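The numbers here are math on the coordinates, done by the rules we state, and not lab data. In this text the structure is predicted, and so the values were computed from the model without any measurement. All Cβ positions, even for glycine, are placed from backbone atoms using ideal geometry, and neighbour counts span all protein chains on display.
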Amino acid sequence: MRACKGALLALIPVILAGCKVSVSSGHDHSDDYSHSTPGFFFDARDTGDHFPDSDWDLDTHAEACIDEPLYFESDSGRVRVYGSPAYSETDFRAAATELERHIDGVLGHYQLRWQEFVEDRSAAVPYPHQILGCLTESVLPDDFAEASVSAVSISPHHRQWPYKTGQIISHQLSHFVQENLSRYDARHPLLPYWFAEGQAAVVAGEPMASPYQHYDYDPLDDATLLDAGPADYRFEHYALAYRYLEDANGALAMTILLDLIQLIDWEDGFEGHTDTGETWAFVEAFNAAGLVDHRNQALTWQRYKTDYHYLLSHSY
Ligand SMILES: [Zn+2]
């Protein structure tokens, strides 16, 4: 495909006819992106690299890109952004730039380099050497982005992106990495909701509840989104519950935990959920990972869940 770039470059004006962004004279947000991550536009009808249409690895937002052949690929080859030709060239570049800008930092928190991440990903993923982006209006500007095993869905209009764009992209890339490390070809996420959100919040540097406030919420009860209450501050408690594990065991142990879940998912035999809503794959992996509490005592999932407030109040 790389050899085709020269020929395809000649097609760019054709592909982009009708969607060229007008030249900006001001100092608005778009100037930040017009000359950022270098790359080329391609047409999947020429390259054969269509957006995946499998139903296990996409969130519902990304389904908007299944029939969109136009994509922008960064020079590194790591990032591809698909979307409607109705969006501006800068919208594509801006999304690719944000993904390129934040992926290494996010992977660093997982103690991984890009190549290691690629090797760790499920072989069932359609494009294991790429992060796919999907520009779709079904992601509202305020939510801005969502992630799944294959793709990060991004609101297309970069001029409306929120102030905390970098933090939100890091949060979603964290979900993308989690999903890729922890699932093989499972249709549903295998991580408890509190763990996925808590880890993403910590990686993105979002606010965390003070350890002294741990009695205000029971994060470990929120195994799924349906278990979660309406209070926004719960996310700060998810971060606190995740951070306790990472502080006691190190970030690499958390990555190994995700790898173990993937291994268990691949092996089968641990389908389904516990009475309290966690997947068996998560519980088995947690108990096989050799995790410890802040005093270096063995920490099973059952003990963490039962003794959460006791452990938190004795750890700080
Ligand atoms: Zn999240």
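Tabulated values for the structure
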quantity	calculated
Amide hydrogen neighbours beyond the local backbone of S153, cut-off 5 Å, H modeled	C134, E146, A147, S148
Order of C134, C65 under a 10 Å beta carbon neighbour criterion, fewest first	C65, C134
Under-5 Å amide H pairs with H273, H placed in peptide plane, nonlocal only	W280
Residues in the stretch 251-280 reached by a label modelled at Q302 [backbone nitrogen below 20 Å; 7 Å Cα→Cβ]	270-280
Longest to shortest principal axis, alpha-carbon extents of the chain, angstrom	64, 44, 31
Value of [θ]222 nm, deg cm²/dmol, for the chain, DSSP H segments ≥ 4, -39500 (n - 2.57) each, nearest 500	-13000 deg cm²/dmol
Loop-exposed trypsin sites (Lys or Arg not before Pro) per DSSP, neighbour cap 15 Cβ within 10 angstrom, longest uninterrupted part of the chain	188-294
DSSP beta bridges in the chain [antiparallel fraction, %, rounded to 5]	60 percent
Fewest-first sequence of D259, D57, D67 by Cβ atoms within 10 Å of each Cβ	D67, D259, D57
Sequence-separation-based contact order of the chain, relative, with Cα cut under 8 Å and 6+ spacing, percent	14 percent
Vicinal HN-Hα couplings computed from phi for the stretch 145-159 (Karplus, 6.51 cos²θ - 1.76 cosθ + 1.60; Hz; Gly/Pro x)	7, 9, 9, 9, 4, 8, 9, 10, 8, 9, 4, x, 8, 4, 5
